[in-house]
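Engineer: Please find one structure pasted underneath; my questions will follow.
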Amino acid sequence: MAESNDSVSVDLGTIYLGGKEHRVKTACGVVSVIVYGDREKPALITYPDLALNHMSCFQGLFFCPEAASLLLHNFCIYHISPPGHELGAAPIYPTDSVPSADGLADQILEVLNFFGLGAVMCMGVTAGAYILTLFAMKHRERVLGLILISPLCKAPSWSEWFYNRVVSNLLYFYGMCGVEVRGNIEIPESDIAQACRRLLDERKSVNVMRFLDAIDRRPDISNGLKKLKCRTLIFIGDQSPFYSEAVHMAANLDRGYCALVEVQACGSMVTEEQPHAMLVPMEYFLMGYGLYRPSYFTESPRSPLSPCCISPELLSPESMGLKLKPIKTRVSTC
């Protein structure tokens with residue numbers, strides 16, 4: 001196992017549904033990484049939203065049999081948790097420095113170096129999507145492509161900043177039990193999203209507050225998106241409060257490298273609410289990297305999309321000069 005000079009691993013021997021946890025020491029603290037699959041395959045790293053981890057943010061997608069076949073047969077999965085967001089995390093010491101968004105992005109580089117990874121595919125949700133996008137802008141040679149769900153790219157608005165200050169104060173004085181996250185009259189949260197939000201109770205308030213502070217101080221990266229030449233697939237629910245943010249991001253990316261997928265009857269947590277809707281777009285997106293799906297490319301009743309929703313430029317591996325080993329994406333059933 002390759003290591004950077006400043007990183008060490010503590011092998012806890014913990015097994016998560018076939019995955020194994022590694023603890024990687026970085027400049028921004030120790031980070032938990034759950035690794036699933038064959039390390040010889042291309043790497044897919046994930047990064048969750050605020051107060052969530054790989055189980056609460058991605059289990060709907062990875063427990064979907066078709067998605068598991070598509071992703072686990074093509075990639076080794078590296079689930080990165082923000083500091084203090086892993087299962088069973090202890091409170092972070094108040095004296096530890098609070099990381100910035102830049103620091104969290106650089107932390108991903110340390111994780112890749114620790115595992116000896118080169119260029120990777122990235123998947124992130126909202127705050128996690130922002131961190132991965134920032135990482136791709138800072139370290140372009142380390143990113144093959146981005147799969148972003150309800151992403152952020154602008155600095156917080158005054159209303160978001162004020163709301164986050166209120167939440168941060170609640171976390172400080174009352175802990176997670178004082179925080180209640182819900183939709184609004186126009187855009188109610190789905191039952192699945194509400195279940196995910198209830199998992200906030202499992203997080204330590206000081207740990208969530210630190211990540212919230214980093215996201216609340218995030219810079220606007222809109223102007224740099226045009227220079228981001230890795231392919232980007234964006235999913236956004238038509239009922240998501242981040243809908244306009246996702247549209248803004250897609251408009252600022254190079255259209256030859258970006259596809260925006262709107263998912264019907266869905267909020268922000270597409271990975272939990274409508275994971276089947278992600279399959280066909282991801283299959284076509286991954287085809288552009290030389291990954292092989294051995295069957296039919298007809299429209300699927302699982303998805304509200306048709307293949308023509310994906311820009312043809314995204315399907316050409318030659319356009320990026322990428323060569324990955326073709327790996328079967330479906331398991332034949334008897």
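Engineer: To the nearest 10 square angstrom, what accessible area does His139 show with a 1.4 Å probe?
Structural biologist: Rounded to the nearest 10, the figure is 30 Å².
Engineer: While we're here: Search the structure for amide H atoms under 5 Å from the amide H of Val263, placed 1.01 Å from N in the peptide plane, and list their residues when 5 or more places away or on another chain.
Structural biologist: The list, which skips near neighbours in sequence, is Ile236, Gly237, Asp238.
Engineer: Once you sort the root eigenvalues of the Cα gyration tensor of the stretch 95-149 as a ≥ b ≥ c, which label holds: rounded (a/c under 1.5), prolate (a/b larger than b/c) or oblate (the other case)? Write down the numbers at each step before the final one.
Structural biologist: Details: a/c = 2.07, a/b = 1.23, b/c = 1.69.
Taking the square roots of the gyration eigenvalues as a ≥ b ≥ c, the stretch 95-149 is oblate.
Engineer: Does the stretch 220-261 come out rounded, prolate or oblate, given a ≥ b ≥ c as the square roots of the eigenvalues of its C-alpha gyration tensor, rounded meaning a/c under 1.5 and, failing that, prolate meaning a/b above b/c? Display every interim value, and only then the final one.
Structural biologist: Values: a/c = 2.90, a/b = 1.51, b/c = 1.91.
The shape class here is oblate.
Engineer: Still on this model: For a quick check of understanding: with a 1.4 angstrom probe and all protein chains in place, what accessible area in square angstrom does Leu132 have, to the nearest ten?
Structural biologist: Accessible area of Leu132: about 0 Å².
Engineer: Next up: How many nm separate the modelled label positions at Arg39 and Ser100, each set 7 Å beyond the Cα in the direction of the Cβ?
Structural biologist: 3.3
Engineer: Explain nothing, just compute: Karplus ³J(HN,Hα) = 6.51 cos²θ - 1.76 cosθ + 1.60, θ = phi - 60°, for every residue of the stretch 227-241 in order, whole Hz, x for Gly and Pro.
Structural biologist: 7, 7, 9, 7, 5, 9, 10, 10, 10, 8, x, 5, 10, 6, x
Engineer: On a 1.4 Å probe surface of the protein chains, which of Met121, Met287 comes out largest in accessible area, and what is the full order?
Structural biologist: Details: Met121 0, Met287 55 Å².
Heavy-atom accessible area, descending, gives Met287, Met121.
Engineer: Using the basic label-point model (7 angstrom from Cα toward the beta carbon), what is the Leu87 to Glu141 distance in nanometres?
Structural biologist: Once both label points are built, they end up 3.7 nm from each other.
The values are calculated or read from the model by the stated rules, or taken from the named source; none is laboratory data. Owing to the predicted nature of the structure, the values given are computational and were not obtained by experimental measurement. Quick reminder, even Gly has a Cβ in these numbers, built from the backbone with ideal geometry, and neighbours come from all protein chains shown. With ligands, DNA and RNA removed, areas are computed over all heavy atoms of the protein, side chains included. Shrake-Rupley method; radii C 1.70, N 1.55, O 1.52, S 1.80 Å.
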